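A quick write-up on the structure given underneath.
The values are calculated or read from the model by the stated rules, or taken from the named source; none is laboratory data. Here the structure is a predicted model, which means the values were calculated and not measured. Every residue, glycine among them, receives a Cβ derived from its backbone with ideal geometry; neighbour counts consider all protein chains shown. Surface areas here come from the heavy atoms of the whole protein model, side chains and all, with no ligands, DNA or RNA. Shrake-Rupley method; radii C 1.70, N 1.55, O 1.52, S 1.80 Å.
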Amino acid sequence: MNHEKSKAAFAKACEVIPGGVNSPVRAFQSVGGEPIFVDHAKGSHIVDIDGNEYIDYICSWGPFVLGHSHPMMAEGALEAIQRGISYGLPTEIETRMAELICSAYKSAEMVRMVNSGTEATMSAIRAARGYTGKDKIIKFEGCYHGHSDCLLVKSGSGALTFGMPTSPGVPADVVKNTLVCRYNDLVSVKETVEANQGEIAAIILEPIAGNMGVIPPRPGFLEGLRTLCTEQGIVLIFDEVISGFRAAFGGASELYGVDPDMVCFGKIIGSGLPVGAYAGKREIMSVISPKGPVYQAGTLSGNPLAMFMGLKLLAYLKEHREIYQRVEEYAAKLEAGMRDLLTKHGLRYQINRVGSLLCLFFTEQEVISYDDVKTCDTTKFSKYFQCMLGRGILLAPSQFEAMFVSAAHTQEDLEKTLHAMDQALSACEE
Ligand SMILES: *Cc1c(COP(=O)(O)O)cnc(C)c1O
């Protein structure tokens, strides 16, 4: 496989963009290579500027549950553009988007649209602090909530990959109110709450962790957090930026039957355009400006084109719930095939899967928290990643990211993927 044009494009990009990319994981650094530059994508396939074609398991990190450039998504988009892309004034489509989100999540009674997942969690934390009048928050080791200062502590994939648990540039003063607990460990949370009695505004977590590989919540974990938060008057925030409208239409909240006080969205809700949202109980959301005193704003928030595309996808998914079954079936078949091959090659591994999200960990230890994730053989993963790429299978370029499946993935894709994997795993045997 020739990557000459991508190599040249990367060298050029590195001159004017830090590390040549606009988001660190894209640089392929942790898998010891250089990124491919994309020319176009269609369905389950992506084509790079050298003309190489890949079966794509990144799916823009989640949004393309129907596959790339789905014909239905293009319908009406030109008209939406021709009506004017942005006005800086309200439009009715923003209300329709908010209504749809409220219809899907019990804990969503009001919604504020923003432009990224980072903004969603940052703003939700501010609202929770304003609502409770308290400063401290609890997050979990290995959970990523975007790159805002107070949440950039022990935070998953990008930071894990680059070995920076907390970033330089974040003042210690800003993160002193961020307490970190162990994922899936309720006892660690109870102890922390006890040691900070009456001082905690919010507990934020990915109800299905997706930035240290994929880690589902253990039975009782979410329920336990719910009870604790209710007892202590703490705002429980689910960061469903990955899992929302992806793991199920109603996300982890629906899958596990636990309703937080606030919920954050991103990725899929813009169907590939830059959109985020945070939602919550009416009483909490009412603190937000201009209804309440907690300031939060955005020039392009609720952008009509982004709303048009996002709403189109979500409304379609609402009407076609069978899509979730279809992607899950593919993911389950893929998982089964992978398990057979890994056994055949005598490799030690774990696979975690929730719906259409799955992750292969090169470790023999059951993966339920960040401590387990750290035991992964990342050198082996890099080898596996490169072999797969060379055989036309595009995985997320990090051990700590999920594989995303779409409804556009076919039986032929599945067979090709497993065939490539058989060869790639041979290379991983020692
Ligand atoms: C991607 C992600 C974010 C950040 O979203 P951006 O749009 O990249 O700012 C926040 N939380 C979770 C769980 C994510 O996966």
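Whole percent per 10 Å bin, from 0 to the bin with the longest distance: what is P(r) over all C-alpha pairs of the stretch 234-329?
Taking all Cα pairs of the stretch 234-329, the binned fractions are 15, 41, 35, 8, 1 percent.
What percent of all Cα-Cα pairs in the stretch 58-98 falls into each 5 Å bin, going from 0 up to the bin containing the maximum distance?
Spelled out per bin, shortest first, that is 5, 17, 16, 22, 22, 15, 3.
Under the √(5λ) rule applied to the eigenvalues of the Cα gyration tensor, what semi-axes describe the equivalent ellipsoid of the stretch 187-274? Give them in Å, descending.
Details: eigenvalues 122, 36, 27 Å².
For the stretch 187-274, the semi-axes come out at 25, 13, 12 Å.
For the stretch 51-136, state which GluC sites (Glu not before Pro) are in a DSSP loop and have at most 12 other beta carbons lying within 10 Å of their beta carbon.
Numbers: sites: Glu53, Glu75, Glu79, Glu92, Glu94, Glu99, Glu109, Glu119; in loops: Glu75, Glu109.
Answer in residue order: Glu75.
With charges only on Cβ, +1 for K and R and -1 for D and E, what is the dipole size of the chain about its Cα centre, in debye, rounded to 20?
Approximately 600 debye in magnitude.
When the accessible area of the chain is computed with all protein chains present and a 1.4 Å probe, what percentage of it is carbon and sulfur? Show your work: numbers first, answer last.
Details: 9470 of 18090 Å².
Of the solvent-accessible surface of the chain, carbon and sulfur hold 52 percent.
Please list, in chain and number order, the residues 5+ apart from Glu34 or on another chain whose amide H is under 5 Å from its amide H, with Hs placed from the backbone.
Counting only residues 5 or more places away or on other chains, the set is empty.
If you take the Cα Rg of the chain and divide it by 2.2 N^0.38 Å, with N the number of residues, what do you get? Can you show the working numbers first?
Details: Rg = 21.2 Å, N = 430, 2.2 N^0.38 = 22.0 Å.
Against the compact-globule rule of thumb, the ratio is 0.96.
Kindly provide the helix-only [θ] at 222 nm of the chain, computed as the sum of -39,500 (n - 2.57) over DSSP H runs of four or more divided by all residues, to the nearest 500 deg cm²/dmol?
Details: 16 runs with 167 residues, N = 430.
Helix-only estimate at 222 nm: -11500 deg cm²/dmol.
So, for the stretch 74-189, what is the accessible surface per residue at a probe of 1.4 Å, expressed in square angstrom?
On a per-residue basis, 47 Å².
State the percent of C-alpha pairs, over all pairs in the stretch 105-155, separated by a distance greater than 19 angstrom. Write down the numbers at each step before the final one.
On the way: 399 of 1275 pairs.
The calculated P(r) of the stretch 105-155 puts 31 percent of pairs beyond 19 Å.
Can you divide the C-alpha Rg of the stretch 1-41 by 2.2 N^0.38 Å and report the result to two decimal places? All intermediate terms of the calculation are to be shown ahead of the outcome.
Numbers: Rg = 9.9 Å, N = 41, 2.2 N^0.38 = 9.0 Å.
Ratio of Rg to 2.2 N^0.38 Å for the stretch 1-41: 1.10.
I want to verify the translational diffusion coefficient of the stretch 317-386 in µm²/s; compute it with Stokes-Einstein, Rh as the Kirkwood radius over Cα pairs, at 10 °C and 1.306 mPa s. The partial results should precede the final answer.
Details: Rh = 13.5 Å.
The estimated diffusion coefficient comes to 118 µm²/s.
Trypsin sites (Lys or Arg not before Pro), restricted to the stretch 252-305: which are DSSP loop and have at most 15 other Cβ atoms within 10 Å? Don't skip to the end; give the middle numbers.
Numbers: sites: Lys267, Lys281, Arg282, Lys291; in loops: Lys281, Lys291.
Those that pass, being in a loop and sparsely packed, are Lys291.
Identify, among Asn52, Leu395, Met72, the residue whose Cα sits farthest towards the positive end of the charge dipole of the chain, taking +1 on the Cβ of Lys and Arg and -1 on the Cβ of Asp and Glu, with the dipole about the Cα centre.
Comparing the listed Cα positions along the dipole, Met72 ranks first.
Would you calculate the convex hull of the Cα atoms in the stretch 1-92 and tell me its volume per residue in Å³?
On the way: hull volume 15.1 nm³, N = 92.
Once divided by residue count, the hull of the stretch 1-92 is 164 Å³.
Jot down the radius of gyration and Dmax of the stretch 295-430, Cα atoms only, both in angstrom.
Cα only, the stretch 295-430: 18.0, 57 Å (Rg, Dmax).
Using alpha carbons only, what's the Rg to Rh ratio of the stretch 84-133 with Rh from Kirkwood? All intermediate terms of the calculation are to be shown ahead of the outcome.
On the way: Rg = 12.9 Å, Rh = 12.6 Å.
That ratio equals 1.02.
Taking a quarter of the surface of the Cα convex hull of the stretch 366-430, what do you get in nm²?
Working: hull surface 20.8 nm².
If you wrap the Cα atoms of the stretch 366-430 in a convex hull and average its projections, you get 5.2 nm².
Can you pull out the trypsin sites (Lys or Arg not before Pro) in the stretch 352-430 whose DSSP state is coil and whose Cβ has at most 16 other Cβ atoms within 10 Å?
Those satisfying the criteria are Lys374.
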